[in-house]
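Structure, as structure tokens:
The values are calculated or read from the model by the stated rules, or taken from the named source; none is laboratory data. Predicted model, so just to flag it, every value in this text is computed and none were measured. As a convention, Cβ positions derive from the backbone with ideal geometry for all residues, glycine included, and neighbour counts pool all protein chains shown.
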Amino acid sequence: MTYQLSIDSTCITVITSLPEAEAAASACQACRLCETRKSVVFGDGNPSAKLMIIGESPGLKDDELGVPFVGRAGQLLDKILESVKIDRKEDTYLCNLVKCIPPQNRFPKKDEIEKCRHLLEAQIEFVKPKLIVLAGSSAVTALLDVNDPISRIRGKWFDFKNGAKVMPVFHPSYLLRNESREVGSPKWLMWQDIKEIRRALDSL
Ligand code: URA
């Protein structure tokens, strides 16, 4: 299979594999984020995983190490996955809407997400996940045609391309800001969602 990746308006690269998409990303200068990044943070985990987790953008530590979800939010995500025996390296493929950290760790802008969309689409195309978890509302807005707040749609499965199912969940950074584990709290809701994700993986 080939996938046409437009790196900028003048250069079209034909991509035939995930490593080729990663190589294209590493040279990408399609938006302003290339000027301030230390690394291109492409993805991590198992490229044959049935479960893909899509976040927003790399954080400071991710940018330093070139690996997504290795800072505080990522460490919490690892614990959430481990709680239902999902191994980050074996059972998931992790990536973000944008592959470069925005300056001052701000939210990625709409045009930055759009410029990076081809890379994300190539990742989805080549990994072929059966289940996709969207961490946080930016990922939901970029990939699903729904306007409801994440608090209303988290934990629900939505149909996606190629028979995949997509579930929005709270972003781990949001969970870090909400300590409570009481019934109905964001952390408690995340616990319900990860158990449902485990159930869905087991039923594949
Ligand atoms: N690190 C990532 O890789 N993605 C996020 O969304 C947050 C932190």
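Points worth noting:
- Every residue from the stretch 103-125 that is among the acidic types (Asp, Glu) and either crowded, with 22+ Cβ neighbours inside 10 Å or closer than 14 Å to THR16 by Cα (or both): GLU121, GLU125
- The set of residues in the stretch 152-194 that are more than 16 Å from the ligand (Cβ to nearest atom) and among the basic types (Lys, Arg) comprises ARG152, LYS156, LYS161, LYS165, ARG181, LYS187.
- Residue match in the stretch 41-56 (condition: within 16 Å of the ligand (Cβ to nearest atom) and over 23 Å from LEU143 (Cα atoms)): no
- Search result, residues across the stretch 16-38 that are under 25 Å from PRO129 (Cα atoms) and not hydrophobic (A, V, I, L, M, F, W, C): THR16, SER17, PRO19, GLU20, GLU22, SER26
- Residue selection: LYS109 fails the criterion of being under 23 Å from ASP202 (Cβ atoms) and either away from the ligand (no atom under 12 Å from the Cβ) or among the aliphatic types (A, V, I, L, M) (or both).
- Whichever residue in the stretch 57-91 is of a type in the set (Asp, Glu) and more than 10 Å from the ligand (Cβ to nearest atom) and, among such residues, is surrounded by the most Cβ atoms within 10 Å (Cβ to Cβ): ASP78
- Taking the listed residues VAL140, VAL146, the one that is surrounded by 14 or more Cβ atoms within 10 Å (Cβ to Cβ) and either part of a helix (DSSP H, G or I) or within 16 Å of the ligand (Cβ to nearest atom) (or both) is VAL140, with no other qualifying.
- Every pair of residues 6+ apart whose Cβ atoms lie under 8 Å, when the first sits in the stretch 69-81 and is free of Cβ contacts under 8 Å to residues at least 12 places away in the same chain while the second is in a loop (DSSP other than H, G, I, E, B) and within 7 Å of the ligand (Cβ to nearest atom): ASP78/PHE69
- The test for being part of a helix (DSSP H, G or I) and either more than 10 Å from the ligand (Cβ to nearest atom) or modelled with pLDDT of 95 or more (or both) does not hold for LEU94.
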